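Structure first, commentary second.
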Amino acid sequence: MTYYKTYIEGHEDWEFVGMYSDEGITATNTKKRDGFNQMVDDALDGKIDLIITKSVSRFARNTVDSLTTIRKLKDKGIEVYFEKENIWTLDAKGELMITIMSSLAQEESRSISENTTWGKRKQYADGKGSVAFSWFLGYDKDFKINEEQAATVRLIYRLFISGLSFYAITKEMESRGIKSPSGKDRWHISTVKSILTNEKYRGDALLQKQYTTDFLQKKRKTNNGEIPQYYVEEHHEAIIPPAQFDFVQAELARREQNGRYSGVSIFSNKIKCGCCGGWYGSKVWHST
């Protein structure tokens, strides 16, 4: 950045407007590149008429994004100069050269992505691999148990074993003023179910639950058997004893098999009619 500030100010016929940069942001997609998008907006607003860039790969590694942006700027008479390749976009040969160089930059990103993916999957096959820790209740980095959060996890398991439904557990957590994994006051049924079915609480780890389908858009998809998964036993210290976790999974399967479940009282879902298969429960009989 210092180099380009000095470089621009060294030209008497140029006026330095400002520096635009994105630190640690992928160039395969422009959606999250705030600096890049601000630069384009300022140029289209007439604040810039010449953009100096180190190379085509620093501008954008997505061929479509690169050409679309350059054509948009070109229509407004705004030129982009790529110093490494010595390309000026208003030059007659500029677009052809940018198309070629952008395609090469995109293929370089594809190669890097494939190499990284191969390395990650090799780690998974060896029983290794990192796991995301954002909003992961009960553990800190490197699977160190967070005792305060772990108490919440154990409480959820106890409430479920005592007979409460997912909905009843959410209401219980809210009434106790316990924050959700995302730090919110409100709990969701899907959050409770996720905690009750996550094998990491028993000390194991299922690796590669999701995978990236598009290296350009960074789209992720749930792995439903498209690529191998790896189950690692005793991967880290457990919060829930394995026997208790397995009991909860069996109870989840039983409730799901029986259909609608009620956790209103300890007597709910205990007696089933031998004739129709319906569950006995509390009834309110009206005068009519």
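The table below lists the values:
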quantity	calculated
Cβ-Cβ FRET estimate between Lys32 and Asn86, R0 fixed at 35 Å, reported to 0.05	0.75
Using θ = phi - 60° and Karplus 6.51 cos²θ - 1.76 cosθ + 1.60, couplings along the stretch 268-278 (whole Hz; Gly, Pro as x)	5, 6, 10, 10, 10, 5, x, 8, 9, x, x
Amide H partners (placed H, <5 Å) of Gly163, local residues excluded	none
Interchain or long-range residues, amide H under 5 Å from Leu90's placed H	Val80
Rough spin-label spacing in nm, given labels placed 7 Å along Cα→Cβ, for Ser182 and Glu95	4.4 nm
Whole-Hz ³J(HN,Hα) from phi, Karplus 6.51 cos²θ - 1.76 cosθ + 1.60, for the stretch 150-157, glycine and proline x	4, 4, 5, 4, 5, 5, 4, 5
Full-extension gain in nm, Trp279 to Ser111, via 0.36 nm per residue minus C-alpha separation	54.7 nm
Nearby aspartates and glutamates by direct alpha-carbon distance to Lys144 (threshold 13 angstrom, same-chain neighbours under 8 apart not counted)	Glu237
Distant-in-sequence amide H partners of Tyr230 (H built 1.01 Å from N, under 5 Å)	Leu207
Estimated inter-spin distance, Glu9 and Ser190, nm [label 7 Å along Cα→Cβ]	5.1 nm
Pairs from Lys84/Lys122; Lys200/Lys272; Lys141/Lys171; Lys122/Lys221; Lys5/Lys54 whose Cα-Cα separation, in the structure shown, is over 24 Å	Lys84/Lys122; Lys200/Lys272; Lys141/Lys171
Nitroxide proxy distance, nm - points 7 Å out along Cα→Cβ at Tyr167 and His286	2.0 nm
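The numbers here are math on the coordinates, done by the rules we state, and not lab data. Because the structure is predicted, anything quoted here is derived from the model rather than measured. Note that we place each Cβ from the backbone using ideal geometry, even for glycine, and neighbour counts take in every protein chain shown.
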